[in-house]
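Okay, structure first, notes after.
The values are calculated or read from the model by the stated rules, or taken from the named source; none is laboratory data. All values derive from a computational prediction rather than experimental measurement. Neighbour counts are summed over all protein chains in view; Cβ atoms, including those assigned to glycine, are modelled from backbone coordinates with ideal geometry.
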Amino acid sequence: MLHKIVHAGVTSGSFEQGSEDLAVLAEVEVPAKQVERVTRRIGHERQTERDQEVEAYQRLPLVARKGVPENVPAPEVAVVGSDGGRLQILERGAEAEAAEEEALPAEEGRSGRHWREDKIGLLMTMSSAESAHDPCPDIPEQFVDPTRILKLARELKKQALPAQDGLQEPAEPEVGVETLAEQPQQWQPPEVEEKRLVASRCRWPDFGPQVATAAWAWGFFGAARQAFLGDGSDNNWTMWRQYFSSFTPILDFIHALSYVFAAAMSGRSFPVGWEAYQQWITWVWQGEVERVIAALAERQMELGILDKDESESSPRSVVAKALGYLQNHKERMRYPEYRRRGLPITSSYVESAVKQFNQRVKGTEKVWSEEGAESILQLRADYLSDDKPLEGFWQRREASETGQRRYRRAA
């Protein structure tokens with residue numbers, strides 16, 4: 001019964017909907033408040049297990065932390081990515097005052113006072129073939145199609161990500177990016193075999209060990225090919241340096257595209273800007289980022305020196321931001337090499353995972369306590385993971401509470 005209640009509480013859009021689902025599908029009357037209490041309690045138990053696993057991992061010698069657990073086969077291709085979502089947190093008293101410093105910008109016309117960031121980590125085993133040469137040296141048509149790129153640019157411009165935690169990226173669009181990145185083309189991206197998700201409301205420095213623990217448990221540090229995907233957030237690359245420095249760092253191609261497009265078009269007519277964009281994004285696709293940096297530096301000289309009070313939307317600001325972005329990440333933009341090695345070049349997988357969490361936790365009418373948010377995030381990650389960690393949890397829980405032996409479900 002607990003299993004059914006938790007399932008309803010996590011997979012339904014709300015606890016109220018979960019209560020209705022139980023009445024119809026399980027033919028039991030469970031008030032929404034009870035669904036919430038049970039879900040929070042079980043989520044807390046899973047959170048405790050997770051924290052214990054992280055502590056055990058961190059106590060291992062460095063060599064062991066970078067190795068593969070006994071009897072765990074290392075995957076051929078291991079990919080790690082991370083990103084942040086949004087949810088509303090309402091705390092009272094001293095906790096509320098402390099939380100004010102973390103508040104995100106307003107959203108959907110509402111006050112930004114209660115918006116906070118949740119952290120999402122995605123681990124994937126993938127299958128792909130390596131090539132002697134770049135399997136797709138010519139940029140796919142969808143990246144130089146003005147209709148698609150204009151739509152993408154509008155979506156990326158809708159809002160800005162919160163500046164807290166060092167994030168300075170354009171916001172992820174609600175739709176469009178994944179579709180654009182997954183259009184049929186010559187080059188076939190790696191196929192996802194299995195995925196595991198990690199989610200928490202903790203600070204980024206505390207989130208890294210959680211992702212690293214999950215990666216270690218899956219044998220990722222022994223994979224023949226390893227990749228770490230991210231946008232330009234400092235948090236992503238701090239995590240990479242501290243826990244995944246042996247992984248190939250890859251900047252999301254779509255984010256690079258958005259900066260290049262904005263800089264090419266800023267202060268120019270569409271025909272002139274589009275011609276520059278086509279040339280620059282082709283160079284990016286082909287790994288010739290230094291040529292784009294040189295072109296941006298030249299454009300910056302044409303526009304003049306950036307004033308300290310310059311508007312963020314001015315051509316000089318836009319070009320300067322794009323120039324800095326490419327200079328900071330050029331070592332993570334070797335896209336021909338990544339394609340040759342059969343590694344992914346877009347973070348659409350991670351963005352899709354964030355949306356799956358948002359479906360449950362995000363909404364102007366959904367307000368969480370910190371404890372409730374952490375519980376639902378943990379359980380949501382469990383349900384979205386292909387290795388079904390909750391199945392083992394329920395067996396352990398039953399054995400510890402009744403003294404019975406663990407059972408195996410009949411095939």
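A few remarks follow.
- The residues on offer are GLU70, GLU76, and the sole one that is under 30 Å from ARG225 (Cβ atoms), touching a residue at least 24 places away in the same chain (Cβ under 8 Å) and acidic (Asp, Glu) is GLU76.
- Residues satisfying the stated conditions in the range 32-46, i.e. over 19 Å from GLU398 (Cβ atoms), touching a residue at least 40 places away in the same chain (Cβ under 8 Å) and not acidic (Asp, Glu): ARG40
- Pair list, Cβ < 8 Å and 6+ apart or interchain, from the range 208-219 residues that are under 13 Å from LEU197 (Cα atoms) and without any contact (Cβ under 8 Å) to a residue 40 or more places away in the chain to residues that are of a type in the set (D, E, K, R) and part of a helix (DSSP H, G or I): none
A quick yes/no check of all residues on (1) β-branched (Val, Ile, Thr); (2) within 23 Å of THR346 (Cα to Cα):
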{"position": "ASP252", "(1), (2)": "no, yes"}
{"position": "TYR259", "(1), (2)": "no, yes"}
{"position": "ALA264", "(1), (2)": "no, yes"}
{"position": "PRO271", "(1), (2)": "no, no"}
{"position": "GLU275", "(1), (2)": "no, no"}
{"position": "GLN279", "(1), (2)": "no, yes"}
{"position": "VAL284", "(1), (2)": "yes, yes"}
{"position": "ALA297", "(1), (2)": "no, no"}
{"position": "GLN300", "(1), (2)": "no, no"}
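- Selection count where residues are in contact (Cβ under 8 Å) with a residue 40 or more places away in the chain and surrounded by fewer than 16 Cβ atoms within 10 Å (Cβ to Cβ), scope the range 287-313: 1
- Only one of the numbered conditions (1) modelled with pLDDT of 95 or more; (2) surrounded by fewer than 17 Cβ atoms within 10 Å (Cβ to Cβ) is not met by PRO75, and that is (2).
- Scope the range 374-391; condition part of a helix (DSSP H, G or I) and in contact with a strand residue (DSSP E or B) (Cβ under 6 Å, 6 or more places away or on another chain); matching residues: LEU377, ALA381, LEU384
- Of all residues in the range 274-286, those satisfying the criterion of being in a helix (DSSP H, G or I) and in contact (Cβ under 8 Å) with a residue 60 or more places away in the chain are TRP274, TYR277, GLN278, ILE281, THR282, TRP285.
- Residue count for the range 46-72, restricted to those that are on the phi > 0 side of the Ramachandran plot and modelled with pLDDT of 95 or more: 0
- The range 333-352: number of residues that are more than 13 Å from ASP231 (Cβ to Cβ) and acidic (Asp, Glu): 1
- When residues of the range 339-352 are limited to those that are assigned to a helix (DSSP H, G or I) and out of contact with any helix residue (DSSP H, G or I) (no Cβ under 9 Å at 6 or more places or on another chain), the one surrounded by the fewest Cβ atoms within 10 Å (Cβ to Cβ): ARG340
- Residue count for the range 299-316 satisfying the condition of being out of contact with any Asp or Glu (no Cβ under 8 Å at 6 or more places or on another chain), within 16 Å of ALA262 (Cα to Cα) and in a helix (DSSP H, G or I): 4.
- Output for the range 214-231, where each listed residue is under 19 Å from the mean Cα position of the chain (by Cα) and surrounded by fewer than 22 Cβ atoms within 10 Å (Cβ to Cβ): GLN226
- Taking the range 9-31 as the range and being of a type in the set (A, V, I, L, M, F, W, C), part of a helix (DSSP H, G or I) and either in contact (Cβ under 8 Å) with a residue 60 or more places away in the chain or crowded, with 17+ Cβ neighbours inside 10 Å (or both) as the test, the residues that pass are VAL10, PHE15, LEU22.
- Flag for GLY43 being at pLDDT 95 or above and part of a helix (DSSP H, G or I): yes
- Residue check, ILE345 within 30 Å of VAL192 (Cβ to Cβ), in contact (Cβ under 8 Å) with a residue 24 or more places away in the chain and β-branched (Val, Ile, Thr): yes
- Checked against (1) within 24 Å of the chain's Cα centre (by Cα); (2) at pLDDT below 95, GLU374 meets all criteria but (2).
- All positions within the range 319-356 that are of a type in the set (Phe, Trp, Tyr) and at pLDDT 95 or above: TYR325, TYR335, TYR338
- Within the range 269-281, one or more residues are under 24 Å from the mean Cα position of the chain (by Cα) and either basic (Lys, Arg) or modelled with pLDDT of 95 or more (or both).
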